[in-house]
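For reference, the structure is listed below as structure tokens.
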């Protein structure tokens with residue numbers, strides 16, 4: 001944890017503005033004005049929804065990875081012969097028929113939870129397209145898929161439309177590698193790992209075909225699916241050779257091959273159709289990674305660039321039966337900690353093969369929403385405030401210079417102590433301290449280590465929310 005360092009209100013606000021300025025520039029690289037505006041808008045929204053969904057949900061397996069032959073836990077096939085398994089996996093679209101798919105219900109639940117943007121998997125590594133992609137029959141709108149006859153068959157279009165109606169920013173997840181495309185995993189050779197299974201330098205015409213295929217798919221999403229705010233590109237091993245480091249080679253098992261997909265051309269096309277779009281070329285860094293995406297983790301401290309923790313609500317990105325969903329208290333605390341460190345929280349739910357969410361997912365969102373109704377002003381549009389996190393406390397600053405201090409409850413803790421020392425805060429005598437959700441000001445006094453706040457007994461017996469409480473220092 002960062003140690004508490006008392007600062008004056010003027011210094012706190014000044015530092016918050018500096019951090020905000022750093023966040024609005026991509027590692028010192030100037031972005032077009034429309035992109036800067038989108039980035040600012042995205043950062044103010046703080047809380048988003050991600051969904052991994054495809055025919056693989058019928059088996060409840062980890063999305064895509066079981067057809068990759070790497071010796072990793074997420075590539076398990078439970079002892080089945082590889083070729084037999086892949087043949088069965090590729091037939092999953094012929095039984096994919098999510099008749100309970102109603103994206104309006106998802107959008108309403110996400111909005112009520114306080115989420116303000118969505119990122120949907122239009123295509124994962126297995127190459128199956130959840131949109132009406134050109135150049136392939138491996139898609140949900142192909143007649144071989146029973147759901148193709150449904151008016152909602154283009155689920156990407158339906159999801160984007162439903163969430164836009166609720167004023168969400170819309171993001172398209174898209175996998176750069178494509179394990180179904182014969183110009184990425186060529187059938188003439190074995191596919192020993194996640195990478196292209198031939199040397200693009202030896203077969204430039206074939207790699208060019210794959211580049212054009214990828215470009216055309218992305219252009220379809222950019223030009224035919226309405227406003228798109230985020231192009232969220234996964235598969236960071238598909239990258240120029242010049243960007244391959246020992247660290248990248250270690251996690252991707254890469255040969256020294258150039259898998260340059262021509263991001264400059266893709267980005268120019270995307271912004272030709274969507275001038276303000278954010279591009280997230282994950283892990284590659286550089287001009288096409290407008291924000292970074294630490295996966296399943298929260299950084300130890302604020303970062304000097306825009307970032308977003310992407311994390312699962314359960315144990316797995318995609319649906320699996322009897323998944324273990326994180327408790328509401330843990331999810332709320334994660335949101336607070338991420339926002340206090342200047343990041344956004346992209347929380348993933350894996351829809352069931354029927355097209356619904358598990359009941360527990362709705363329950364978790366409802367609990368988060370009840371908390372957000374009381375405390376949202378300390379979340380949206382806030383900036384990091386030193387000491388960011390100290391023990392059971394987290395800190396943010398509002399645009400109006402209000403300082404917000406979150407008290408994170410222990411398991412079973414129904415209220416803060418009657419007398420509470422908030423560390424690292426210096427306040428003039430004229431300062432007014434309140435608890436969000438409670439109208440009356442609280443009595444307090446300045447101490448050397450911070451401020452001591454007193455909570456009336458009546459308040460402690462009827463706290464305005466559960467799991468965490470927010471003090472506003474005006």
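The values are calculated or read from the model by the stated rules, or taken from the named source; none is laboratory data. Computed from a prediction, not measured in an experiment: that's the story for all the values here. Glycine gets a Cβ as well: all are built from the backbone with ideal geometry, and neighbour counts include every protein chain shown.
I'd like to know if the range 365-377 contains one or more residues that are over 23 Å from residue 326 (Cα atoms) and not assigned by TED's automatic domain parsing to the domain that holds residue 111.
Yes, the conditions are met somewhere in the range 365-377.
So if I check each of 246, 193, 229, which one is in the same structural domain as residue 270 (by TED's automatic domain parsing), more than 16 Å from residue 132 (Cα to Cα) and at pLDDT below 95?
The match here is 246.
Considering the range 307-336 alone, what residues qualify as being in contact (Cβ under 8 Å) with a residue 60 or more places away in the chain and either in contact with a strand residue (DSSP E or B) (Cβ under 7 Å, 6 or more places away or on another chain) or not in a loop (DSSP other than H, G, I, E, B) (or both)?
308, 310, 317, 328, 329, 332, 333, 335, 336
Quick grid of which residues meet (1) without any contact (Cβ under 8 Å) to a residue 12 or more places away in the chain; (2) not in a loop (DSSP other than H, G, I, E, B):
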position: 422; (1), (2): no, yes
position: 431; (1), (2): no, no
position: 434; (1), (2): no, yes
position: 458; (1), (2): yes, yes
position: 463; (1), (2): no, no
position: 466; (1), (2): no, no
position: 469; (1), (2): no, yes
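Quick one: in the range 289-305, of everything that is in contact with a helix residue (DSSP H, G or I) (Cβ under 8 Å, 6 or more places away or on another chain) and farther than 14 Å from residue 232 by Cα, which residue is surrounded by the fewest Cβ atoms within 10 Å (Cβ to Cβ)?
Selected residue: 304.
Is it true that some residue in the range 116-125 is touching a strand residue (DSSP E or B) at 6+ places or on another chain (Cβ under 7 Å), more than 24 Å from residue 360 (Cα to Cα) and part of a loop (DSSP other than H, G, I, E, B)?
yes
Please enumerate the residues belonging to the range 126-140 that are in a loop (DSSP other than H, G, I, E, B) and buried (at least 21 other Cβ atoms within 10 Å of the Cβ).
Of everything in the range 126-140, those that are in a loop (DSSP other than H, G, I, E, B) and buried (at least 21 other Cβ atoms within 10 Å of the Cβ) turn out to be 126, 127, 128, 130, 131, 133, 140.
For residue 178, are the conditions met, namely being in contact (Cβ under 8 Å) with a residue 40 or more places away in the chain, in a loop (DSSP other than H, G, I, E, B), within 25 Å of the chain's Cα centre (by Cα) and in the same structural domain as residue 49 (by TED's automatic domain parsing)?
Taking the combined requirement at face value, the residue satisfies it.
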